[in-house]
Amino acid sequence: MKIKEGYIIKKLGAGYVVVTVGQASKDFNGMIRLNTPGAFLWQCIQDGMDTREKLTEAMLKRYDDLNEATAAEDLNEFLDSIKVALED
(Lines give C-alpha, C1' and ligand atoms only; values in the text may rest on other atoms or scores of the structure.)
Protein backbone atom coordinates (compact mmCIF):
# COMPACT_ATOMS: atom_id res chain seq x y z
CA MET A 1 0.00 0.00 0.00
CA LYS A 2 1.22 3.46 -0.87
CA ILE A 3 -0.04 7.05 -0.79
CA LYS A 4 -0.72 8.44 -4.28
CA GLU A 5 1.49 11.22 -5.53
CA GLY A 6 0.06 14.69 -4.91
CA TYR A 7 -1.59 13.95 -1.56
CA ILE A 8 -0.02 15.95 1.25
CA ILE A 9 -0.75 16.21 4.94
CA LYS A 10 -0.80 19.48 6.86
CA LYS A 11 -1.37 20.25 10.52
CA LEU A 12 -4.41 22.44 11.01
CA GLY A 13 -5.17 23.48 14.58
CA ALA A 14 -5.43 20.39 16.75
CA GLY A 15 -5.93 18.07 13.79
CA TYR A 16 -4.59 17.33 10.34
CA VAL A 17 -5.90 17.58 6.81
CA VAL A 18 -4.84 15.87 3.61
CA VAL A 19 -5.14 17.94 0.47
CA THR A 20 -4.24 17.36 -3.13
CA VAL A 21 -1.81 19.30 -5.28
CA GLY A 22 -0.97 19.20 -8.96
CA GLN A 23 -2.41 16.41 -11.07
CA ALA A 24 -4.01 14.72 -8.04
CA SER A 25 -6.38 17.67 -7.60
CA LYS A 26 -8.04 16.73 -10.91
CA ASP A 27 -9.07 13.38 -9.45
CA PHE A 28 -10.00 14.51 -5.94
CA ASN A 29 -11.15 18.01 -5.10
CA GLY A 30 -11.58 18.02 -1.36
CA MET A 31 -9.80 17.22 1.84
CA ILE A 32 -9.48 14.36 4.26
CA ARG A 33 -9.53 15.20 7.97
CA LEU A 34 -7.34 13.16 10.28
CA ASN A 35 -6.92 13.02 14.02
CA THR A 36 -3.52 12.47 15.64
CA PRO A 37 -3.64 8.64 15.36
CA GLY A 38 -4.70 8.99 11.72
CA ALA A 39 -1.77 11.32 11.04
CA PHE A 40 0.52 8.77 12.71
CA LEU A 41 -0.75 6.01 10.41
CA TRP A 42 -0.47 8.28 7.37
CA GLN A 43 3.17 8.92 8.25
CA CYS A 44 3.77 5.20 8.73
CA ILE A 45 2.49 4.54 5.21
CA GLN A 46 4.67 7.33 3.85
CA ASP A 47 7.63 5.78 5.67
CA GLY A 48 7.12 2.51 3.80
CA MET A 49 4.91 0.44 6.09
CA ASP A 50 3.02 -1.15 3.24
CA THR A 51 1.02 -3.94 4.89
CA ARG A 52 -1.78 -4.14 7.40
CA GLU A 53 0.44 -6.27 9.62
CA LYS A 54 3.18 -3.63 9.76
CA LEU A 55 0.67 -0.87 10.47
CA THR A 56 -1.05 -2.88 13.20
CA GLU A 57 2.30 -3.60 14.81
CA ALA A 58 3.19 0.11 14.72
CA MET A 59 -0.14 0.98 16.36
CA LEU A 60 0.38 -1.58 19.12
CA LYS A 61 3.87 -0.21 19.83
CA ARG A 62 2.67 3.40 19.87
CA TYR A 63 -0.52 2.98 21.95
CA ASP A 64 0.00 0.90 25.10
CA ASP A 65 -3.70 0.51 25.91
CA LEU A 66 -4.61 -0.84 22.47
CA ASN A 67 -5.26 -4.53 21.87
CA GLU A 68 -4.79 -6.31 18.55
CA ALA A 69 -8.50 -6.70 17.75
CA THR A 70 -9.22 -3.01 18.30
CA ALA A 71 -6.10 -2.01 16.37
CA ALA A 72 -7.20 -4.10 13.38
CA GLU A 73 -10.71 -2.64 13.52
CA ASP A 74 -9.40 0.93 13.81
CA LEU A 75 -6.95 0.34 10.97
CA ASN A 76 -9.73 -0.92 8.68
CA GLU A 77 -11.77 2.19 9.45
CA PHE A 78 -8.77 4.45 8.80
CA LEU A 79 -7.87 2.78 5.50
CA ASP A 80 -11.48 3.04 4.35
CA SER A 81 -11.48 6.77 5.16
CA ILE A 82 -8.36 7.42 3.04
CA LYS A 83 -8.96 4.92 0.22
CA VAL A 84 -9.14 7.71 -2.35
CA ALA A 85 -5.51 8.57 -1.50
CA LEU A 86 -4.16 5.01 -1.74
CA GLU A 87 -2.70 3.43 -4.85
CA ASP A 88 -4.39 0.22 -5.98
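The values are calculated or read from the model by the stated rules, or taken from the named source; none is laboratory data. All of these numbers come straight from a predicted model, not from anything done at the bench. Note: ideal-geometry Cβ built from the backbone for every residue, glycine included; neighbour counts use all protein chains shown. Side chains included, ligands, DNA and RNA excluded: accessible areas come from the protein's heavy atoms. Shrake-Rupley method; radii C 1.70, N 1.55, O 1.52, S 1.80 Å.
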Net charge of neighbours whose Cβ lies under 14 Å from the Cβ of Lys26, counting Lys and Arg as +1 and Asp and Glu as -1:
-1
If the cut-off is a Cα-Cα distance under 21 Å, which lysines reach Lys11, setting aside same-chain residues fewer than 8 apart in sequence?
Lys2, Lys83
Heavy atoms of Ser81: accessible area, 1.4 Å probe, square angstrom to 10
60
Contact order normalised by residue count of region 7-85, Cα under 8 Å, 6+ apart, percent
21
Tell me, what ³J(HN,Hα) does each residue in region 18-31 have, in order and in whole Hz, if you take phi through Karplus 6.51 cos²θ - 1.76 cosθ + 1.60 with θ = phi - 60° and put x for Gly and Pro?
10, 10, 9, 9, x, 4, 4, 5, 6, 8, 9, 10, x, 9
Provide the net charge surrounding Val17, with neighbours chosen by a C-beta distance below 13 Å and charges set as Lys +1, Arg +1, Asp -1, Glu -1.
+3
Considering the dipole of the chain built from charges on the beta carbon (Lys and Arg +1, Asp and Glu -1) around the Cα centre, which of Pro37, Ala71, Leu55 is farthest to its positive end?
Pro37
For the chain, which span is the longest to avoid every loop-located (per DSSP) member of GluC sites (Glu not before Pro) having at most 15 other Cβ atoms inside 10 Å?
6-86
Lys, Arg +1 and Asp, Glu -1 on Cβ, resulting dipole of region 7-85 about Cα centre, debye, nearest 20:
500
Computed, not fitted: 222 nm per-residue ellipticity of the chain from DSSP H runs ≥ 4 (each -39500 (n - 2.57)), nearest 500, equal to -13500 deg cm²/dmol
Please work out how much length the chain gains when fully extended from Phe28 to Ala72, using 0.36 nm per residue of separation minus the C-alpha to C-alpha distance, in nm with one decimal.
13.1 nm
Tilt relative to the chain, helix 68-81 - C-alpha long axis, 0 to 90 degrees, to 10:
10
I'd like to check one number: the per residue accessible area of the chain, probe 1.4 Å, reported in Å² as a whole number.
67
